[in-house]
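Chemist: Here it is, the structure, as structure tokens.
The values are calculated or read from the model by the stated rules, or taken from the named source; none is laboratory data. Since the model is a prediction, treat every value here as computed from it, not as a measurement. Positions of Cβ are backbone-derived with ideal geometry, glycine not excepted, and every protein chain shown enters the neighbour counts.
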Amino acid sequence: CLENVPHRIDNIFEEEHSKMQVLIKASESVYIWVIQVKKMKAIYHILNLCSFDVTNKCLIAEVWCPVNDLPALRRALEDGSRKSGATVPSFVNRIPSNDTPPTLIRTNKFTSGFQNIVDAYGVSSYREVNPGERIAIKKTLHFNINIDFINLGHGVIMALFALWMVLYENDRKLKKTRNEIWNIFFEGRYIILLMGIFSVYTGLIYNDCFSKSLNLFGSGWNVRAMYDHGGWNEHVVRSNSFLALDPNVTGVFNGPYPLGIDPIWNLASNRLTFLNSYKMKMSVIVGIIHMTFGVVLGVFNHLHFRRTFNLYLIFLPELLFLLCLFGYLVFMIIYKWLFFTVRDSQTAPSILIHFINMFLMQGDSSQTLYPGQAGFQVFLVIVAVLSVPVLLLGKPLYLYWQHKGRDRLSMYRVRILFLFMCVLQLAEGCWLIFCLSLSGTSLDSHSCSSDSQSEEFDFADVFLHQSIHTIEYCLGCISNTASYLRLWALSLAHAQLSEVLWAMVMRVGLRVDTRVGIVFLVPVVGLFAVLTVSILLVMEGLSAFLHALRLHWVEFQNKFYSGTGVKFVPFAFSLLHTSFENEGLL
């Protein structure tokens, strides 16, 4: 027995070694086997969804397919039948359906990031206006992102970082990582690139680079004129290293700076007062333009879905309410900029006081922006107030009369309803009378609409829905306009953080004059770079992005976008391949 022990031990080692070789060989192919098994499971899962035709002994599948892809689908079925040697050929029949199709939005590597932002809010309904596929809206989104992220230096760093990701986007090491934070940045590389480019643009406009101004064209201010005017004395000069700029001095202003804000404002003690007023008003102007653009985009939905009555009963009252109140606020801001000089600045009327007095229908006749202001403001308020009942009652009454009048009422009574709306909206009667003259064709074109021609009509449900929409829109115009002031607040916060970081870090290192100061400057620059990237770029950039995203979702998209659709998810091995990559199998 003892003589056979070494032989048995050798056999055991040989068996273990052979097993190890088999496992090593199998481990090289296990990933491929997993992919093949998952592909087969996915195929059988789809086949189980098909119905079996006993007579013809074939499978019948009812699927959604884009019309443009039907030729490719037919060719694929023909190739599959030929290669498999099937006796029954495969073919495609188009079946009419009343169900709402899923939404297919074709994207590429540039537009996919923007579309994911829109889909996070909600998938667009079939053939609804999609914010993600319109370049103008994307530019609006990024302009809103970067109007509160104003810094030339930070924008250059962000753009270079995004450009590096774009140039090496095919690198497998960058694409295939298990770091979720990095994957988010990498998937949004084109968004970050445009954020950086627009930050460079706004940084040039506001002349801000790491809290310092760039004197590219020479200042248009002549500070000597302020000194000759007698406004300074020796005590003021010694006690104030930063002096207030007074434009109301003869000869102090030689001309406007060619691009952006004059760099001398970076040295003025009243710089914050000047920029705050300017940024606050610009935020309001951008907000009103943004919301008006959203209301106008709703026209495309009304026209496409053949709801032309919504143009007169929803779009027009909404536009009049927004422009008569808050559009007039933008008008007053621009009018005051154009027609009041620095000599009139002390006696110029307050826009905020005039806007409040507009609702109260009162005001001081001696403090007016232009002749006839009081009467014109009363007219605008009346138009806005009369738009509310039209927005509230117009659509429910129209649908009610049309539902009841299909069999018993003539179109003459519908015209009477439009005339009643014209009386309610006497201020905008010219518009509605013109629309009423066209109602003969527009109402006929809507006769096939599924909303108005539905057999089941619940007036209470329609009225409740329209009441909620009216209250939400009217109150939302006020809150949404105020919400755009976050652009001003975030811009102020970013500028002040940049200035504090420069004053507490870089200025300390630059003030050391000795030879030791040169050595001391190296860690100071490193600390300044780390704090700039971590606080001002990452934290502030994320904050600016989230606030702008909120404005894009809430204040802009709710004017025209419902986002109640279902996303079209086709069966494709490429999607399975992506899921395998996310699971780390490839």
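Chemist: Restricting to segment 347-389, name every residue that is modelled with pLDDT of 90 or more and of a type in the set (Ser, Thr, Tyr).
Modeler: Within segment 347-389, 387 is the sole residue that qualifies.
Chemist: Related question: If residue 295 satisfies all but one of (1) modelled with pLDDT under 90; (2) surrounded by 18 or more Cβ atoms within 10 Å (Cβ to Cβ); (3) within 25 Å of the chain's Cα centre (by Cα), what's the number of the condition it fails?
Modeler: The number of the failed condition is (1).
Chemist: Restricting attention to segment 532-573, report how many residues are aliphatic (A, V, I, L, M) and in contact with a Phe, Trp or Tyr (Cβ under 6 Å, 6 or more places away or on another chain).
Modeler: 1
Chemist: If residue 489 meets every condition in (1) surrounded by 13 or more Cβ atoms within 10 Å (Cβ to Cβ); (2) over 21 Å from the mean Cα position of the chain (by Cα); (3) in a helix (DSSP H, G or I) apart from one, which number is that one?
Modeler: (2)
Here is a yes/no grid of residues against (1) touching a Pro at 6+ places or on another chain (Cβ under 8 Å); (2) loosely packed, with under 15 Cβ neighbours inside 10 Å; (3) not hydrophobic (A, V, I, L, M, F, W, C):
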{"site": "277", "(1), (2), (3)": "no, yes, yes"}
{"site": "303", "(1), (2), (3)": "no, yes, no"}
{"site": "307", "(1), (2), (3)": "no, no, yes"}
{"site": "340", "(1), (2), (3)": "no, yes, no"}
{"site": "358", "(1), (2), (3)": "no, no, no"}
{"site": "372", "(1), (2), (3)": "no, yes, yes"}
{"site": "379", "(1), (2), (3)": "no, yes, no"}
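Chemist: I need a count of the residues in segment 353-373 that are out of contact with any helix residue (DSSP H, G or I) (no Cβ under 9 Å at 6 or more places or on another chain) and not polar (S, T, N, Q).
Modeler: The number of residues fulfilling the criteria is 5.
Quick grid of which residues meet (1) closer than 27 Å to residue 574 by Cβ; (2) among the small types (Gly, Ala, Ser); (3) in contact with a strand residue (DSSP E or B) (Cβ under 8 Å, 6 or more places away or on another chain):
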| residue | (1), (2), (3) |
| --- | --- |
| 18 | no, yes, no |
| 33 | yes, no, no |
| 39 | yes, no, no |
| 42 | yes, yes, no |
| 55 | no, no, no |
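Chemist: Taking into account only those residues within segment 50-60 that are of a type in the set (A, V, I, L, M) and loosely packed, with under 11 Cβ neighbours inside 10 Å, which is farthest from the chain's Cα centre (by Cα)?
Modeler: Step by step, filter segment 50-60, then rank; the result is 54.
Chemist: Starting from segment 565-577, keep only residues that are over 14 Å from residue 69 (Cα atoms) and part of a loop (DSSP other than H, G, I, E, B), then list their pairs with residues that are among the small types (Gly, Ala, Ser) and modelled with pLDDT under 85 whose Cβ atoms are within a distance under 8 Å, requiring at least 6 positions of separation or different chains.
Modeler: none
Chemist: I'm trying to understand the selection: among the residues of segment 89-105, which are surrounded by 10 or more Cβ atoms within 10 Å (Cβ to Cβ) and more than 34 Å from the chain's Cα centre (by Cα)?
Modeler: 89, 90, 92
Chemist: Which ranges mark the helices (runs of 4 or more DSSP H) fully within segment 30-134 that have 1 or more residues being over 22 Å from residue 552 (Cα atoms)?
Modeler: Result: 30-49, 70-84.
Chemist: Only one residue in 537, 546 is at negative phi and either among the acidic types (Asp, Glu) or surrounded by 14 or more Cβ atoms within 10 Å (Cβ to Cβ) (or both). Which one?
Modeler: Working: 546 fails: either among the acidic types (Asp, Glu) or surrounded by 14 or more Cβ atoms within 10 Å (Cβ to Cβ) (or both).
Every option except 537 fails the conditions.
Chemist: Sticking with this one: State yes or no: is residue 116 surrounded by 11 or more Cβ atoms within 10 Å (Cβ to Cβ), at pLDDT 85 or above and out of contact with any helix residue (DSSP H, G or I) (no Cβ under 7 Å at 6 or more places or on another chain)?
Modeler: Yes.
Chemist: Here's something else I'd like to know. Residue 182 is checked against (1) of a type outside the set (Lys, Arg); (2) crowded, with 18+ Cβ neighbours inside 10 Å; (3) within 34 Å of the chain's Cα centre (by Cα) and fails just one. What number does that condition carry?
Modeler: For residue 182, the failing item is (2).
For (1) assigned by TED's automatic domain parsing to the domain that holds residue 505; (2) touching an Asp or Glu at 6+ places or on another chain (Cβ under 6 Å); (3) at pLDDT 85 or above; (4) not in a loop (DSSP other than H, G, I, E, B), each residue gets a yes or a no:
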{"position": "177", "(1), (2), (3), (4)": "yes, no, no, no"}
{"position": "182", "(1), (2), (3), (4)": "yes, no, yes, yes"}
{"position": "186", "(1), (2), (3), (4)": "yes, no, yes, yes"}
{"position": "190", "(1), (2), (3), (4)": "yes, no, yes, yes"}
{"position": "194", "(1), (2), (3), (4)": "yes, no, yes, yes"}
{"position": "199", "(1), (2), (3), (4)": "yes, no, yes, yes"}
{"position": "204", "(1), (2), (3), (4)": "yes, no, yes, yes"}
{"position": "214", "(1), (2), (3), (4)": "yes, no, yes, no"}
{"position": "230", "(1), (2), (3), (4)": "yes, no, no, no"}
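Chemist: Please enumerate the residues belonging to segment 242-271 that are surrounded by fewer than 14 Cβ atoms within 10 Å (Cβ to Cβ), in contact (Cβ under 8 Å) with a residue 40 or more places away in the chain and either among the hydrophobic types (A, V, I, L, M, F, W, C) or closer than 21 Å to residue 151 by Cβ (or both).
Modeler: Passing the criteria: 258, 259.
Chemist: Continuing with this model, one more query. Taking the condition of being in contact with a helix residue (DSSP H, G or I) (Cβ under 8 Å, 6 or more places away or on another chain) and not in a helix (DSSP H, G or I), how many residues in segment 512-559 meet it?
Modeler: Going through segment 512-559 one residue at a time, the tally reaches 1.
Chemist: Yes or no: segment 45-55 includes at least one residue that is among the small types (Gly, Ala, Ser) and closer than 26 Å to residue 551 by Cβ.
Modeler: Scanning segment 45-55 turns up no residue that is among the small types (Gly, Ala, Ser) and closer than 26 Å to residue 551 by Cβ.
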